[in-house]
Amino acid sequence: DAGVTQSPTHLIKTRGQQVTLRCSPISGHKSVSWYQQVLGQGPQFIFQYYEKEERGRGNFPDRFSARQFPNYSSELNVNALLLGDSALYLCASSPLFNEKLFFGSGTQLSVL
Amino acid sequence: DQQVKQNSPSLSVQEGRISILNCDYTNSMFDYFLWYKKYPAEGPTFLISISSIKDKNEDGRFTVFLNKSAKHLSLHIVPSQPGDSAVYFCAASGETSGSRLTFGEGTQLTVNP
């Protein structure tokens with residue numbers, strides 16, 4: 001079975017640009033979460049979606065937005081990129097709302 | 001406000017010996033704790049978990065201990081193997097937070113042959 005897949009694997013953007021990251025959960029999983037991992041730190045929660053509805057949002061500015069599609073895949077959008085947005089963005093899925101997470105390999109975003 | 005803290009950025013042990021990774025938390029609402037392992041260029045992989053109603057959980061070479069009064073948990077790996085070399089993250093969640101996890105900073109474990 002395929003695990004959580006994320007695209008692209010690497011991305012380079014410049015300040016002020018916008019970026020869209022994509023995630024496909026494990027088949028049958030209805031919950032998708034997004035995390036940001038800055039070098040040397042643990043992953044920080046950004047969003048959780050379950051059954052296409054936002055179920056939680058971390059302490060991130062409104063420049064960050066996400067959505068979940070009917071097939072349970074998800075996109076994370078970041079507008080007006082800042083240098084500090086450079087990080088590994090991890091997507092995770094779980095079968096239901098309150099279960100352990102299965103992570104993808106992440107998208108490494110570099111903002112220059 | 002770091003609610004989950006791993007005070008040791010790195011740990012080095014000899015193959016065959018025990019590895020002990022520690023984690024402290026401050027939020028009393030946390031009732032479920034997990035350990036994840038992360039290799040470079042890969043996402044975190046679930047290792048083992050423990051509910052707050054238990055004080056110990058074992059899975060093969062891995063054992064997690066929870067001390068609720070001290071708000072402390074530890075992961076024991078016995079015996080340690082070179083393939084265990086990775087970054088280990090402690091994470092916690094509360095009943096009402098869905099699968100939202102609060103992670104520690106991670107501990108780089110190196111197991112020397």
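Only the coordinates and a few stated rules stand behind these numbers; no lab work does. Quick caveat: nothing in here was measured; it's all calculated off a predicted structure.
Spread over its residues, the convex hull of the C-alpha atoms of chain B is 99 Å³ per residue. Taking the three principal axes of the alpha carbon atoms in segment B:29-78, the coordinate ranges are 36, 26, 15 Å, sorted in descending order. Cross-link check: pairs A:Lys30/B:Lys56; A:Lys100/B:Lys54; A:Lys52/B:Lys71; A:Lys52/B:Lys38; A:Lys13/B:Lys5; A:Lys13/A:Lys100 evaluated at a Cα-Cα cut-off of 26 Å; pairs beyond the cut-off: A:Lys30/B:Lys56; A:Lys52/B:Lys71; A:Lys52/B:Lys38; A:Lys13/B:Lys5; A:Lys13/A:Lys100.
The coefficient of translational diffusion for segment B:1-45, derived via Stokes-Einstein from the alpha carbon Kirkwood radius under 37 °C and 0.692 mPa s, stands at 251 µm²/s.
Projected onto planes of every orientation and averaged, the convex hull of the alpha-carbon atoms in segment A:1-84 covers 6.0 nm². Every pair of different Cα atoms in segment B:64-113 enters the Kirkwood calculation, which places the hydrodynamic radius at 12.8 Å. Percent of Cα pairs in the protein assembly as shown per distance bin of 10 Å, from zero to the largest separation: 8, 33, 35, 19, 4, 0.
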